[in-house]
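Take a look at the structure below.
The values are calculated or read from the model by the stated rules, or taken from the named source; none is laboratory data. What you see is a predicted model; the values in this text were computed from it and never measured. Positions of Cβ are generated from backbone atoms using ideal geometry, with glycine treated the same way; all protein chains shown enter the neighbour counts. Each accessible area value is taken on the protein alone, full model and side chains, heavy atoms only, with ligands, DNA and RNA left out. Shrake-Rupley method; radii C 1.70, N 1.55, O 1.52, S 1.80 Å.
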Amino acid sequence: MTTLDPDTQPAMGGSGAKVVGGGTGEGPGPDVMAAATLDGDKVITSDGEDIGKISEIMLDVRGGRIAYAVLSSGGFLGIGHTLYAIPWGALTLDAGEKCFRLDITAERIKNAPGFDKDHWPTMSDPQWGSSLHEYYNQRPYRLATRGAVEGRTLDL
């Protein structure tokens, strides 16, 4: 029997966002948080550029996990901005700085596949998801948890 201790074991499948920094206090977080509390958090690239804010967190309803964070970048007062789906596992929540960190450059994000508020991609399309995850050098979240609990028992 294998016991998984959440303080010493990675999340099953490794598809979740990483958490760094302090920022613990009263109430939930940073390990369990309301999605709405993350809306508006800025996203900082590996070269230190603030490239925008989280505008949505997309759930895989059937799979019971977070699929993507949607980054809103550019524009002015919500006009002319570009949206980018970022695989959830590509993000690191910096609880101390109250932002997300993304381990790619700002130039790479600017060249990423984006969309606008009136033309969202079909995020459940496996081909779209695979190419997006490949762009961010991430394993597709649908595959990351497959078989993660086989042969393991959790002591609760």
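Any residue in region 34-53 that's without any contact (Cβ under 8 Å) to a residue 24 or more places away in the chain and under 12 Å from SER73 (Cα atoms): show its pairings with residues that are among the hydroxyl-bearing types (Ser, Thr, Tyr) and buried (at least 18 other Cβ atoms within 10 Å of the Cβ) at Cβ separation under 7 Å, as long as the two are six or more apart or on different chains.
LYS53/SER72
So, in region 48-65, exactly how many residues are charged (D, E, K, R), modelled with pLDDT of 90 or more and open to solvent by 80 Å² or more (accessible area, probe 1.4 Å)?
Looking only at that region, the number is 3.
Write out, first by first residue and then by second, each pair whose Cβ atoms fall under 9 Å of each other, whose residues are 6+ apart or on separate chains, and whose first residue, in region 105-120, is more than 15 Å from TYR136 (Cβ to Cβ) and of a type in the set (Lys, Arg) while the second is at pLDDT below 95 and loosely packed, with under 15 Cβ neighbours inside 10 Å.
LYS117/GLY78
Please tell me if HIS133 is modelled with pLDDT of 90 or more and surrounded by 15 or more Cβ atoms within 10 Å (Cβ to Cβ).
Spelling it out, HIS133 is indeed modelled with pLDDT of 90 or more and surrounded by 15 or more Cβ atoms within 10 Å (Cβ to Cβ).
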